[in-house]
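Trainee: Below you'll find the structure I mean.
The values are calculated or read from the model by the stated rules, or taken from the named source; none is laboratory data. It should be emphasised that the depicted structure is a prediction, and the values quoted were computed from it without experimental measurement. Methodologically, a virtual Cβ is constructed for each residue, glycine included, from the backbone with ideal geometry; neighbour enumeration extends over all protein chains shown.
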Amino acid sequence: MNWSHLDRYLPAALFAFALILYALTVAPTVSFWDPGERIAVSSTLQIPHPPGAPFYMLVGRLFSMFVPASYVALSMNMISVLASAAAVTLTYLIVLQLIREWRGPKSTWTPSVRVTAYVGGLVGALTLAVSDSFWFNAVEAETYALSTFFTTLCVWLTLKWSEYAQAEDRDLARGVKHVLGSSSERWLLVVAYLYGLAIGIHLLSLLSLFFVALIVFFQRYDNPDWSAGTRFQYLALAGGIASGIFFLLYPGIIQGLPTVLEATQAPFLVLTIMASLLVYGLYITHTKRMRVANLLVLYVVLGLIGYSSYFLIPIRSSINPPIDQNNPSSLENFVSYMSREQYGDRPLLSGSTYNDETGRVERDAEALFPRRWSPNPRHTQVYDRYNSDLDFFLRYQIGHMYTRYFLWNFAGRAADTQDAPAATGISFLDPDIANEATVEEATPSERAGRSVYFALPLLLGLFGAFYHFTWDWRRATAVAFLFFITGIGIIIYLNQTPMQPRERDYSYAGSFFAFSIWVGLGATGLLHLLKDSLFSTWSKSKRWLGLAAAGALLLATVPGWMLYQNYDSHDRSGRYLPSDYAYNMLNSVAPNAILFTNGDNDTFPLWYLQEVEGVRRDVRVVNLSLLNTPWYIKQLKNQQAHESEPLPFSFSDEQIEELRPRAWRAQPVSIPVDSEAVIENGTVADSDSARVSRPLQWQLEGRPFDERSNMLQIADLAVFDLIRSNAENDWSRPVYFAVTVAQSGRLNLDDYLQLEGQAYRIVPVQHDQRFGRVVPDITIDRMQDFRFRGLADPDVYYDENARRMADGYRLFVTHAAEQWASSGHEEEARAFLDDFVEQVPFGTIAGNLQSYVLTAQAYESMGATDRVAEIMTDMEPMVFQELQQASSTQDFLFALRFAGSVRMSYQEADRPDRVEQFDTRFEELRRTLPYDIPVDILRDYGLTDSASPDPEGLLPGTGGDSASAPAVPPAGGPPQP
């Protein structure tokens with residue numbers, strides 16, 4: 001066999017496989033979280049959140065220049081597809097390169113060695129390709145896929161350098177000299193340049209620097225005659241040098257260079273002097289044959305050339321684009337931008353920490369290695385569950401925020417819900433995981449979110465690490481450092497707070513890449529052991545057959561099984577929800593509106609539609625999180641964005657800079673209302689003219705700060721000022737809150753909010769509707785054009801976040817339909833609601849108990865008792881699941897109320913068969929309870945039709961004598977969503 005052909009064809013075939021896999025599952029448009037911002041700023045070269053990703057933006061601009069606007073998102077998603085496919089291929093080459101380190105050059109490999117190496121490379125690369133976190137990054141427009149590609153490329157180039165350096169050393173031993181230009185160090189020069197470019201993508205790529213440092217140390221400086229103690233000292237020295245280089249890059253050059261330029265106030269002069277010194281250094285070290293010094297200067301020059309992509313940020317900011325985060329057009333702002341000042345500081349090795357005795361974060365204390373440092377009251381409540389900073393670090397930061405993710409990728413995942421545990425699929429190892437019966441009752445998307453691998457990749461990787469250390473402890477140590485630094489090292493540096501808004505596993509793709517290398521080496525080692533033991537007595541033909549069968553089995557049971565388990569949950573090919581959600585939000589508001597949004601998911605997709613597809617550019621989207629920063633308020637006040645005029649804040653720029661959060665006690669506030677103006681400009685309909693509040697007055701409570709006081713954030717002060725200023729200007733611009741904005745962000749204005757589609761408009765007409773006042777002609781008209789593409793397709797996977805966003809539609813659509821029906825339009829409302837339920841069915845988009853009940857209530861208001869019974873039938877399994885899993889009396893009573901709603905719906909629909917089946921199932925459940933349920937509660941909740949048969953007022957249970965068994969205390973009140 002011509003092995004050289006196979007050396008070329010296998011990587012090519014692997015790249016093609018990964019490319020096709022990701023192309024089949026790539027998101028067709030924008031995704032939730034950061035991709036919306038990435039696409040918007042890259043395609044138009046605007047300014048993203050700090051510290052930016054200018055090189056990624058340039059690549060994105062290139063990919064988006066030659067496609068129609070509607071395909072820009074897909075085109076930029078393909079950056080991740082291509083980068084991930086290349087990273088998979090490089091992982092295969094890295095595994096083979098590591099095997100070469102102890103097996104010798106490929107020219108010396110026997111056929112069996114080649115087969116074990118090829119299979120190991122394929123198993124490791126394919127395991128990475130179909131792993132949970134890596135695949136997630138591969139099909140959306142984010143920086144992590146391209147960053148991982150740069151990591152794998154730098155690792156591979158370093159190993160290639162090592163190979164050429166070894167050849168160079170052998171030539172030198174034979175008296176063959178190399179000139180500087182043909183030195184193997186050219187490979188490391190490329191690595192230095194790539195690190196410079198990688199800074200403009202994501203800083204995670206720089207962490208592979210420690211791997212590079214160890215490989216260089218072992219290749220150039222390690223002495224086989226050293227004792228273990230001496231070698232450890234030099235290893236520590238190499239690690240210290242690598243750390244010094246890393247900190248020289250970040251924060252040294254990355255943050256320090258802009259600081260120096262700002263301090264001198266002569267940036268062009270400083271840059272000119274720096275460039276001159278570097279050129280002179282290159283000239284002197286080259287002409288005087290100072291090889292090492294010349295290489296060091298070259299490394300700096302190439303790194304700075306790559307880093308120069310950051311000039312894009314202040315240049316593009318200077319034109320004041322619509323998305324201009326931190327406004328880094330000046331040196332002062334650019335320094336703030338690069339330093340990520342808007343995110344605040346967090347302690348690393350010393351600082352404030354939580355005091356277990358006082359229950360507060362003590363700012364005066366200087367603790368070592370503080371992990372519980374956030375004074376946020378919600379965080380301190382969580383801190384109280386841990387015994388110490390070390391306990392929090394081990395159990396939460398490492399256990400929950402890294403080890404769990406690691407097991408997701410190599411053992412299995414119980415579900416796609418927030419904080420879902422790992423799962424292997426082996427029952428005695430997963431005692432707390434939902435059983436299969438529960439999984440079978442879930443929607444297709446919920447079932448797809450469960451992926452189990454029986455821990456086979458984990459076991460193979462652990463064996464691979466052992467095998468690697470046995471054969472080549474030096475390179476194994478380098479891989480171990482890569483694994484640790486890109487995993488636990490990030491955890492230590494980030495010092496994360498509890499209650500993260502989303503899972504963070506995507507950040508640790510570099511660590512999972514390192515472990516995938518060991519998975520591949522484990523496959524090679526296992527095949528090698530089989531060959532030398534089990535197959536050693538077989539004939540040559542049987543030996544080859546056994547080796548081939550074992551290799552095929554490894555490929556099928558590890559990456560093959562992972563592919564089968566993960567395909568459905570990573571296939572985004574039919575998912576249009578983020579784009580449609582943004583489209584529906586923008587088209588919910590009146591022309592020239594001001595729309596307050598809450599966070600990433602209700603802001604970034606809107607930015608994408610406005611900047612890329614040109615949808616509703618008259619609407620000014622105001623992000624409440626960013627509104628806590630002075631630069632953002634000034635931008636909104638002073639800059640026009642497309643067709644949207646600057647916002648009418650009354651603050652001067654100096655006053656904006658002085659804004660600070662303030663303590664607040666609940667008190668009445670008001671804003672002026674010109675009744676003639678609000679009727680004339682359409683804010684209030686003519687039919688509601690008599691209901692106009694003059695002025696608009698309400699109780700402003702503020703946000704809870706601690707047990708004793710409330711506060712107003714900068715954003716609250718800015719929102720109040722903007723609403724007042726707009727009102728003083730005759731309510732000239734419609735002002736809305738997105739329905740996703742929490743009540744605390746709406747300034748307690750709920751009694752004056754009018755639901756229009758997916759947004760609440762501030763209207764000076766008071767009401768008492770829980771989900772907003774509805775003017776049917778307006779709200780229904782806006783909702784008629786809503787997009788719900790793919791939400792009825794059971795083959796499209798929606799993760800928990802997507803399901804929650806889609807389920808949120810039901811809250812407001814059903815409320816609008818119910819109000820429409822109450823105004824005398826039952827038939828139109830019924831047709832509207834039927835159409836919505838058909839487009840967003842519960843069978844594909846799971847609902848919670850509230851959304852089921854609200855939908856049923858809407859149908860009940862139209863007299864459609866048959867539809868109510870159908871919905872309650874669908875809800876019944878969820879109700880019984882909640883009853884069985886209730887961990888407290890409050891949870892049980894909550895579920896019990898919904899159980900009563902189900903039963904009563906069957907009665908109202910005249911379905912005695914369903915009532916009988918429900919009663920039988922409920923009675924079976926009651927027999928398993930360790931307590932009795934008072935009959936008055938059963939009657940109050942509609943769970944029994946008869947008078948109490950028990951004179952003591954208790955129904956018998958199985959938890960013992962009814963007179964002594966604990967009873968569920970009454971809660972009272974009708975069922976409420």
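Trainee: Would you check if residue 225 is charged (D, E, K, R), surrounded by fewer than 18 Cβ atoms within 10 Å (Cβ to Cβ) and touching a His at 6+ places or on another chain (Cβ under 8 Å)?
Mentor: Values: charged (D, E, K, R): yes; surrounded by fewer than 18 Cβ atoms within 10 Å (Cβ to Cβ): yes; touching a His at 6+ places or on another chain (Cβ under 8 Å): no.
No, not satisfied.
Trainee: For the list (1) in contact (Cβ under 8 Å) with a residue 24 or more places away in the chain; (2) out of contact with any helix residue (DSSP H, G or I) (no Cβ under 8 Å at 6 or more places or on another chain); (3) not hydrophobic (A, V, I, L, M, F, W, C), I need the number of the one condition that residue 267 fails.
Mentor: Just one mismatch for residue 267, condition (2).
Trainee: Moving on to the next point. Taking residue 326 as the residue in question, decide whether it is out of contact with any Lys or Arg (no Cβ under 8 Å at 6 or more places or on another chain), touching a residue at least 12 places away in the same chain (Cβ under 8 Å) and assigned to a helix (DSSP H, G or I).
Mentor: no
Trainee: Name the residue that is farthest from residue 682 (Cα to Cα), counting only residues in region 741-800 that are among the basic types (Lys, Arg) and surrounded by 15 or more Cβ atoms within 10 Å (Cβ to Cβ). Explain how you work it out, then say what you get.
Mentor: Step one: list which residues in region 741-800 are among the basic types (Lys, Arg), which gives 746, 761, 770, 773, 782, 787, 789.
Next, from what is left, pick out any that are surrounded by 15 or more Cβ atoms within 10 Å (Cβ to Cβ): 746, 761, 773, 782, 787, 789.
On the way: 746: 22, 761: 12, 773: 16, 782: 15, 787: 26, 789: 32 Å.
Of everything passing the filter in region 741-800, 789 is farthest from residue 682 (Cα to Cα).
Trainee: Of the conditions (1) within 24 Å of residue 583 (Cβ to Cβ); (2) in contact (Cβ under 8 Å) with a residue 60 or more places away in the chain, residue 75 fails just one. Which one is it?
Mentor: In the conditions (1) within 24 Å of residue 583 (Cβ to Cβ); (2) in contact (Cβ under 8 Å) with a residue 60 or more places away in the chain, residue 75 misses (2) alone.
Trainee: Further question: Please verify whether region 760-774 includes one or more residues that are assigned by TED's automatic domain parsing to the domain that holds residue 648, under 20 Å from residue 650 (Cα atoms) and in a helix (DSSP H, G or I).
Mentor: no
Trainee: Inspect region 852-859 for any residue being in contact (Cβ under 8 Å) with a residue 24 or more places away in the chain, over 19 Å from residue 898 (Cβ atoms) and not assigned by TED's automatic domain parsing to the domain that holds residue 584 and give the result as yes or no. Steps first, please.
Mentor: First pass over region 852-859, keeping only residues in contact (Cβ under 8 Å) with a residue 24 or more places away in the chain: 852-859.
Next, from what is left, pick out any that are over 19 Å from residue 898 (Cβ atoms): none.
No, that holds for no residue.
Trainee: Do any helices (runs of 4 or more DSSP H) lying entirely in region 641-756 carry at least 2 residues that are without any contact (Cβ under 8 Å) to a residue 12 or more places away in the chain and in the same structural domain as residue 592 (by TED's automatic domain parsing), and which ones are they? Break it down stepwise before answering.
Mentor: Numbers: elements: 653-657, 675-680, 714-728.
Those helices (runs of 4 or more DSSP H) span 653-657, 675-680.
Trainee: Out of region 265-295, which residues are hydroxyl-bearing (Ser, Thr, Tyr) and more than 26 Å from residue 53 (Cα to Cα)?
Mentor: Listed by number, the residues that qualify are 276, 280, 283, 285, 287.
Trainee: Also: Looking at 768, 721 in this structure, which one is of a type in the set (Asp, Glu), farther than 30 Å from residue 27 by Cβ, at pLDDT 95 or above and more than 31 Å from the chain's Cα centre (by Cα)?
Mentor: 721
Trainee: If you don't mind, there's one more thing I want to ask. If the requirement is being in a helix (DSSP H, G or I), surrounded by 14 or more Cβ atoms within 10 Å (Cβ to Cβ) and at pLDDT below 90, which of these qualifies: 918, 922, 892, 880?
Mentor: On the way: 918 fails: at pLDDT below 90; 922 fails: at pLDDT below 90; 880 fails: at pLDDT below 90.
From the options 918, 922, 892, 880, the qualifying one is 892.
Trainee: Where the second residue is of a type in the set (Ser, Thr, Tyr) and surrounded by fewer than 21 Cβ atoms within 10 Å (Cβ to Cβ) and the first is outside the structural domain of residue 602 (by TED's automatic domain parsing) and lies in region 21-45, which pairs have Cβ atoms under 7 Å and are six or more apart or on separate chains?
Mentor: These pairs meet every condition: 24/573; 25/573; 26/573; 28/573; 28/576; 29/576.
Trainee: Could you run through region 221-231 and say how many residues are part of a helix (DSSP H, G or I) and more than 30 Å from residue 303 (Cβ to Cβ)? Before the answer, list the steps.
Mentor: So in region 221-231, the residues part of a helix (DSSP H, G or I) come out as 228-231.
From the residues that got through so far, the ones that are more than 30 Å from residue 303 (Cβ to Cβ) too are 228-230.
Count: 3.
Trainee: Further question: Just the residues that are in contact (Cβ under 8 Å) with a residue 60 or more places away in the chain and part of a loop (DSSP other than H, G, I, E, B), please, taken from region 138-178.
Mentor: 139, 140, 141, 142
Trainee: Being of a type outside the set (Asp, Glu) and within 17 Å of residue 407 (Cβ to Cβ) is the filter here, so list the residues in region 491-504 that pass it.
Mentor: 491, 504
Trainee: Can you tell me which residue within region 276-314, out of those that are in contact with a Ser or Thr (Cβ under 8 Å, 6 or more places away or on another chain) and farther than 18 Å from residue 191 by Cβ, is surrounded by the fewest Cβ atoms within 10 Å (Cβ to Cβ)?
Mentor: 293
Trainee: Return the total of residues in region 570-606 being in contact with an Asp or Glu (Cβ under 7 Å, 6 or more places away or on another chain), closer than 23 Å to residue 138 by Cβ and assigned to a helix (DSSP H, G or I).
Mentor: 1
Trainee: Does region 619-678 hold any residues that are among the aromatic types (Phe, Trp, Tyr) and over 35 Å from the mean Cα position of the chain (by Cα), and which are they? Walk me through it before giving the result.
Mentor: Just the residues of region 619-678 that are among the aromatic types (Phe, Trp, Tyr), to begin with: 631-632, 649, 651, 664.
651 - this is the single residue of region 619-678 that is among the aromatic types (Phe, Trp, Tyr) and over 35 Å from the mean Cα position of the chain (by Cα).
Trainee: Under the condition of being small (Gly, Ala, Ser) and either assigned to a helix (DSSP H, G or I) or at pLDDT 95 or above (or both), which residue from region 439-469 is farthest from residue 122 (Cα to Cα)?
Mentor: Looking at the filtered set, the residue picked out is 445.
Trainee: Let me ask something else about it. Restricting attention to helices (runs of 4 or more DSSP H) lying wholly within region 8-121, give those where 2 or more residues are closer than 22 Å to residue 790 by Cβ.
Mentor: On the way: elements: 35-44, 54-64, 72-103.
Per the criteria, 35-44, 72-103.
Trainee: Of everything in region 363-379 that's outside any loop (DSSP other than H, G, I, E, B) and surrounded by 15 or more Cβ atoms within 10 Å (Cβ to Cβ), which residue is modelled with the highest pLDDT?
Mentor: 379
Trainee: Turning to a different aspect of this structure: Exactly one of (1) free of Cβ contacts under 8 Å to residues at least 60 places away in the same chain; (2) under 23 Å from residue 877 (Cβ atoms); (3) in a loop (DSSP other than H, G, I, E, B) is unmet by residue 863. Its number?
Mentor: The number of the failed condition is (2).
Trainee: Which condition from (1) under 15 Å from residue 606 (Cα atoms); (2) at pLDDT below 95 is the one that residue 50 breaks?
Mentor: With (1) under 15 Å from residue 606 (Cα atoms); (2) at pLDDT below 95 applied to residue 50, the lone miss is (1).
Trainee: Let me ask something else. Residue 671 is checked against (1) under 23 Å from residue 751 (Cα atoms); (2) surrounded by fewer than 21 Cβ atoms within 10 Å (Cβ to Cβ) and fails just one. What number does that condition carry?
Mentor: Result: residue 671 passes all but (2).
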